[in-house]
Amino acid sequence: MSDDILGDDETAAFEAEYQEAADEAYRELLERIGEGSPQPRLEPTRRAAELLGDPQRSAPIIHITGTNGKTSTSRMIESLLRATGLKTGLLTSPHLVRINERIVIDGVPVSNEAFARNWEDITPYLLMTDAELIANDEEPLTFFEALTLLAFAIFADAPVDVIVLEVGMGGEWDSTNIADGQVAVFTPIALDHQARLGNTVAEIARTKAGIIKPAASVVTAMQTMDALDELREAAKLDEATMSIEQVDFALESTTVAVGGQVINVRGRAGRYDGVYLPLYGDHQAQNAAVALAAVETFLGDGSVMLADEVVTQGLGGVTSPGRLQLIGIEPTVLVDAAHNPHGARALAQALGEYFDFDEWAVVFSVLGDKDAHGIVRELAPAVVRFYATNSHSDRAIPFDVLAELVGDVAGMSAAFPVAQPNEALDRAREWALEAPRRAVLVTGSITLVGEAMARAAAEGWK
C-alpha cells in the first residue's frame, strides 16, 4: 500500500506495523562483516546484482566521492533534482539514528514496509551469493555490499527517475561502483582511511577516481594539484569530460544570514545570485557550487541554466542532518560529523564566522583508525574544553587515552575525561549554563553525534 493514499495517522500506524520487520532486517545486516572492514572487491556485489536482474541499471546515476562533504553535496544534488520534478533516490552513509536515513525516496527516508519487503525479496539471492563465496574460500557479502544491493532494489521497486549515489569508502572497489554513473562528482580529497586507501593524497585520489566511467562527465571541487592530476589522468583514460571548480564554475561570494547564508555562484551555464542556503559554513557554500554544477551537467551537459525556482526551492529546502546542526537551546548545543583534520578545520572556521559565542566546549570521541591528534590540533584554537568520552562503538579510542592526547595538543587544562557520553553531555551543558555566551559542540565521531541527536530529540532540548 502506498503512503500517498494514506492519511498521516494511517501512515504512522502502517509504519509501526512494519517496524519490527525492518528492525529484524537491520539485525540480519549487522550479522555480516561490518563497515569498518570493507572488502576491496566488486565481483561478489556484481554477481548478486546479476541474480537480482541488475537493479543498478534501473535509472541514471550521479556518483559522488571525496573525503569531506560527500553527504551534504549528495543531499543538495538530490534536492535540486527533486525541485525539477524528477523522482529521486538517494543513498548516503552512515546513518545517525536509524538505518532508513541512508536510503531516501523523493526526499523521504525509505519506509519500514519497503525496507523490510525488499530485504525479504533479495535475501535468497544474497544467500546464494554467500554460498558461492564460501565455497571458494571467500568472505560472504559484507554489511555494506548487502546494503548497497538493498538500496538498488528499493530504487528499482519505487521506481525512481535518477539515483544520487554516495560512495561508502574510496571508489574503485567500493560496492556502489558496480553502477555506471553518468556524472562522477568529487568533493575535496584529503587524508583519511589511509590504511585502506593509501598514504598520500595522490594515492587516495587514484582510488577515488575509479568511479569515473568511459565517456562520463566529471565535476570536481577544488583539489590539491596531486589529487587533480590523478583525476585528470583518469578522465583522460576514460575519455570523460571534466569541469573544475574555479575554472568552469565557482563560488563567488557568501554572506552570513539568519539560519544560514546567502551565496552567489557562477555555474557552468550562468550565474545564480542571492541564493539562500540554510546551512552554516563556507564549506557548505562550496558544496552548493559543486552541486549546482553537477546538476547542470546531468540535465544539460552544462549548457542549460537551472530555473530560478528550481535553485531557490532545491537549495533553500536542503537539510544536512549532523552537519553543524542545532539540536539544543538553553544551552546551545550543535553537532557536527567532522571526523578527520580536514573536516575539523572547516568546522573550526565556521564556529568563528557563523556563531557569536565566546567559549565552546566539545563533547568528543574518535575512532581508533582516525587522526585524533590532527582533529584536536584543528579544533583547539576555537575550543576551551574537550570532554573526552567514548561513543558506543567498539572502535572508539578509550576516553582516558583520548584525554591524554587532548592534553598533549591543547594542554591538560583543556582535557576532561568522562567515561560515559551522557555524563559528558550533562557536564558540558552545565558548564555552558554557568556563564553567558557559551555553547556546546558534539563532534569527532558520527556515532557520538547520532547518540546526542537521539537524546536531544527524546528530551526536547529544543
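Structure data summary
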{"quantity": "Check on LEU80, modelled with pLDDT of 95 or more and crowded, with 19+ Cβ neighbours inside 10 Å", "calculated": "yes"}
{"quantity": "Residue list for region 194-252, filter: of a type in the set (Asp, Glu) and under 23 Å from HIS339 (Cα atoms)", "calculated": "GLU203, ASP226"}
{"quantity": "Flag for ASP248 being acidic (Asp, Glu), in contact (Cβ under 8 Å) with a residue 24 or more places away in the chain and surrounded by fewer than 16 Cβ atoms within 10 Å (Cβ to Cβ)", "calculated": "no"}
{"quantity": "Counted residues, region 439-458 - those being modelled with pLDDT under 95 and hydroxyl-bearing (Ser, Thr, Tyr)", "calculated": "2"}
{"quantity": "Criterion: outside any helix (DSSP H, G or I) and touching a strand residue (DSSP E or B) at 6+ places or on another chain (Cβ under 6 Å) - qualifying residue of LEU90, LEU96", "calculated": "LEU90"}
{"quantity": "Those residues of region 411-455 which are assigned to a helix (DSSP H, G or I), of a type in the set (Gly, Ala, Ser) and touching a helix residue (DSSP H, G or I) at 6+ places or on another chain (Cβ under 9 Å), in sequence order", "calculated": "SER413, ALA414, ALA424, ALA452"}
{"quantity": "Flag for GLY171 being modelled with pLDDT under 95 and surrounded by 24 or more Cβ atoms within 10 Å (Cβ to Cβ)", "calculated": "yes"}
{"quantity": "Only one of THR142, THR176, THR148 that is β-branched (Val, Ile, Thr), under 25 Å from ARG206 (Cβ atoms) and surrounded by fewer than 24 Cβ atoms within 10 Å (Cβ to Cβ)", "calculated": "THR142"}
{"quantity": "Qualifying residue in region 88-98 (condition: more than 19 Å from ILE446 (Cβ to Cβ) and assigned by TED's automatic domain parsing to the domain that holds THR45)", "calculated": "yes"}
{"quantity": "Sole exception among (1) crowded, with 23+ Cβ neighbours inside 10 Å; (2) modelled with pLDDT of 95 or more for GLY374, by number", "calculated": "(1)"}
{"quantity": "Tally, over region 35-56, of residues that are touching a residue at least 60 places away in the same chain (Cβ under 8 Å) and part of a helix (DSSP H, G or I)", "calculated": "9"}
{"quantity": "Test result for ASN100, surrounded by fewer than 22 Cβ atoms within 10 Å (Cβ to Cβ) and touching a residue at least 40 places away in the same chain (Cβ under 8 Å)", "calculated": "yes"}
{"quantity": "Contacts under 8 angstrom Cβ, first residue in region 314-330 being closer than 19 Å to GLY69 by Cβ, partner assigned to a loop (DSSP other than H, G, I, E, B) and among the charged types (D, E, K, R), 6 or more apart", "calculated": "GLY322/ASP336; ARG323/ASP336; LEU324/ASP336; GLN325/ASP336"}
{"quantity": "Pairs, first touching a residue at least 24 places away in the same chain (Cβ under 8 Å) and part of a strand (DSSP E or B) in region 395-406, second β-branched (Val, Ile, Thr) and surrounded by 15 or more Cβ atoms within 10 Å (Cβ to Cβ), C-beta under 9 Å, six or more apart", "calculated": "ALA396/VAL366; ALA396/THR389; ALA396/THR447"}
{"quantity": "Extreme residue, farthest from VAL183 (Cα to Cα), among residues of region 107-166 that are β-branched (Val, Ile, Thr) and part of a helix (DSSP H, G or I)", "calculated": "ILE134"}
{"quantity": "Residues of region 111-133 satisfying the condition of being closer than 9 Å to LEU150 by Cβ and within 24 Å of the chain's Cα centre (by Cα)", "calculated": "PHE115, ASN118, TRP119"}
{"quantity": "Residue count for region 352-361, restricted to those that are modelled with pLDDT of 95 or more, of a type outside the set (Phe, Trp, Tyr) and surrounded by fewer than 23 Cβ atoms within 10 Å (Cβ to Cβ)", "calculated": "2"}
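The values are calculated or read from the model by the stated rules, or taken from the named source; none is laboratory data. Predicted, not measured: the structure shown is a model, and the values here were computed from it. Quick reminder, even Gly has a Cβ in these numbers, built from the backbone with ideal geometry, and neighbours come from all protein chains shown.
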